[in-house]
Amino acid sequence: MISRNFKNVLVVSLGFLSLFTAYGGLQSLQSSLNAEQGMGVASLSVIYASIIISSMFLPPLMIKNLGCKWTIVAGMACYVSYSFGNLYPGWYTLMPTSVILGLGGSPLWSAKCTYLTISGNVQASKDGKKGSDVINQYFGIFFFIFQSSAVWGNLMSSLIFGQDTNIAHIPEEQLLTCGAADCGLNITVNSTTTRPAQHLVWTLVGCYIGVGVLAMLIVAVFLDNIDQEQSSQFRGNREPFCHTFLATFRLLKDWRLVTLIPLTMYSGFEQSFLSGEYTKNYVTCALGIHYVGYVMMCFGATNSLCSFLFGRLARYTGRAALFFLAALANFSCIMALLFWRPHPDELPVFFVFPALWGMADAIWQTQTNSLYGILFPRHKEAAFANYRMWESLGFVIAFAYSTFICLEYKLYILLSVLLLTVVTYPIVEYYEFKNPTPPVQEGTYPSHKETIQTHDKNIICQSKM
């Protein structure tokens with residue numbers, strides 16, 4: 001029999017799998033499907049700008065008042081609204097729904113991270129294991145299931161758009177403008193971005209709405225409300241609004257969080273590059289929009305498998321070795337993309353880059369999330385709100401300059417942020433190795449009212465270099 005905590009991890013994971021089957025598919029297509037006047041990329045910028053704003057105050061307020069479970073459900077509803085906006089995409093439909101999605105995005109992810117961290121600590125105290133090991137395992141399982149959403153969402157788009165008979169032939173002179181060889185700002189006027197038939201777009205978006213609603217039902221019905229008592233106590237002894245409002249910013253007094261900002265922002269930069277730039281300037285330009293889904297499926301499959309693998313491997317190798325592997329993979333891809341000139345005859349190469357990128361992203365996601373949970377166990381809501389805020393800032397900056405800066409310079413910016421991350425992250429890791437953060441022992445399930453008293457001599461190091 002699986003434990004109750006493990007069951008809850010599976011429920012959260014399946015809910016996010018269903019939700020991001022829809023959103024992930026839409027995000028991959030925005031730069032190509034809604035290319036007119038850069039509307040698709042602009043909507044993504046608005047989403048992550050809204051996430052930054054919501055990260056400043058909403059996660060602690062919603063999680064402490066509603067609890068993790070109902071915060072997740074409310075956040076999912078915000079994501080579904082964006083799918084409705086894509087039924088009739090325009091500035092007056094995409095922008096408002098992008099704002100709604102962004103406002104719900106940070107509470108959704110902060111609640112998920114808080115829920116997994118609490119579950120991991122509870123299970124660790126039951127089994128007599130280190131909290132960091134169980135948390136790493138839970139995040140690995142979550143991202144293994146969650147990242148496969150890129151496979152299913154993009155499979156749906158590829159199969160549906162593959163029925164379009166109006167697939168343009170790509171002339172040789174256009175192929176010369178693909179990749180970093182050309183500036184890449186005029187790709188949107190090429191025939192390869194021809195919008196699929198409207199009935200196919202409606203079919204796809206309708207499917208996305210369906211799986212989004214399914215995600216809400218899965219979590220609402222099957223997820224246990226493990227922090228219900230904590231939420232009730234908070235509502236009964238309500239802290240001043242300004243105290244909760246400023247919780248996210250107060251944590252910035254911790255130098256470790258400030259030092260992790262480049263690492264967190266890089267997560268936004270690298271994800272936005274693959275979904276916004278690689279799909280448009282390499283795949284759509286040289287192969288056509290109907291190939292975007294297949295290429296992103298490769299990314300999702302690799303990401304999913306590696307998330308599960310690295311979640312378990314971290315206890316033997318430590319975080320630092322995995323982060324170094326991810327940095328090396330991204331560095332190699334960036335250098336290769338600077339010189340590669342994409343051509344349809346080199347079809348396998350189009351899948352090599354997203355596969356390597358997926359492996360690296362699996363490390364960035366699983367290890368950074370678990371690192372935040374381990375470093376700030378007493379301020380989980382504020383810590384994960386900061387994570388979403390700085391990651392979203394990376395998204396916003398990348399999407400904002402997407403239509404203004406040549407592709408070559410975008411790669412140089414990505415490389416610069418990566419190198420800054422390689423310099424700053426080891427400082428925090430070394431300090432944590434020398435001065436491990438004491439774990440917070442959660443009470444036994446389902447009540448967290450009674451805490452397990454742990455003497456200093458029994459505290460074990462929960463971080464491994």
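The values are calculated or read from the model by the stated rules, or taken from the named source; none is laboratory data. Keep in mind that this is a model prediction, so the values were computed, not measured. Virtual Cβ from ideal backbone geometry, glycine too; neighbours counted across all protein chains shown. Accessible surface areas use protein heavy atoms only, side chains included; no ligands, DNA or RNA. Shrake-Rupley method; radii C 1.70, N 1.55, O 1.52, S 1.80 Å.
So, R0 is 41 Å and r is the distance between the beta-carbons of Leu347 and Leu420; what FRET efficiency does that work out to, to 0.05?
Here the calculated transfer efficiency is 0.75.
If you roll a 1.4 Å probe over the chain with all protein chains in place, what percent of the accessible area is carbon or sulfur?
Carbon plus sulfur share of accessible area: 67 percent.
Please work out how much length the chain gains when fully extended from Arg315 to Asn65, using 0.36 nm per residue of separation minus the C-alpha to C-alpha distance, in nm with one decimal.
Taking Arg315 through Asn65 to full extension adds about 86.5 nm, to one decimal.
Once fully extended, how much extra length lies between Ile405 and Leu325, figured as 0.36 nm per residue of separation less the alpha-carbon to alpha-carbon distance?
Gain in length upon complete extension: 25.9 nm.
Given Cα pairs under 8 Å that are at least 6 residues apart, what percent is the relative contact order of the range 322-432? Before the final figure, lay out each step's value.
On the way: 41 pairs, mean separation 38.3, N = 111.
RCO, the range 322-432: 35 percent.
So, R0 is 35 Å and r is the distance between the beta-carbons of Asn225 and Leu159; what FRET efficiency does that work out to, to 0.05?
0.40
Modelling each spin label as a point 7 Å along the Cα-to-Cβ direction, I'd like the Lys434/Glu173 distance in nm, to one decimal.
Distance between the two pseudo-spin positions: 6.3 nm.
The chain: D in µm²/s via Stokes-Einstein (Kirkwood Rh, Cα pairs, 20 °C, 1.002 mPa s)?
96 µm²/s
With the other protein chains left in place, how much accessible area per residue, in square angstrom, belongs to the chain at a 1.4 angstrom probe? Spell out each step's value before the answer.
On the way: 17740 Å² over 465 residues.
Here the residues of the chain average 38 Å² of exposed surface.
Please state the relative contact order of the chain as a whole percent: Cα pairs under 8 Å, 6+ residues apart? Please report the intermediate quantities before stating the final value.
On the way: 807 pairs, mean separation 129.3, N = 465.
Reported as a whole number, the value is 28 percent.
Taking a 27 Å limit on the Cα-Cα distance, which of the listed pairs Lys112/Lys280; Lys130/Lys434; Lys69/Lys280 fall beyond it?
Working: Lys112/Lys280 31 Å; Lys130/Lys434 17 Å; Lys69/Lys280 37 Å.
Pairs exceeding the cut-off: Lys112/Lys280; Lys69/Lys280.
Using alpha carbons only, what's the Rg to Rh ratio of the range 50-101 with Rh from Kirkwood? Present the calculation step by step, with values, prior to reporting the outcome.
Numbers: Rg = 12.4 Å, Rh = 11.8 Å.
Dividing the radius of gyration by the Kirkwood radius yields 1.06.
Treat each spin label as a single point 7 Å out from the Cα along the C-beta direction, and report the Lys253 to Thr203 distance in nm.
5.8 nm
If you average the alpha carbon positions of the range 36-111 and of the range 1-30, how far apart do those two centres end up, in angstrom?
Measuring centre to centre over Cα atoms gives 17 Å.
Tell me the angle of helix 4-33 to the major Cα principal axis of the chain, expressed in degrees between 0 and 90 and rounded to the nearest ten.
Orientation of helix 4-33: about 30 degrees from the principal axis.
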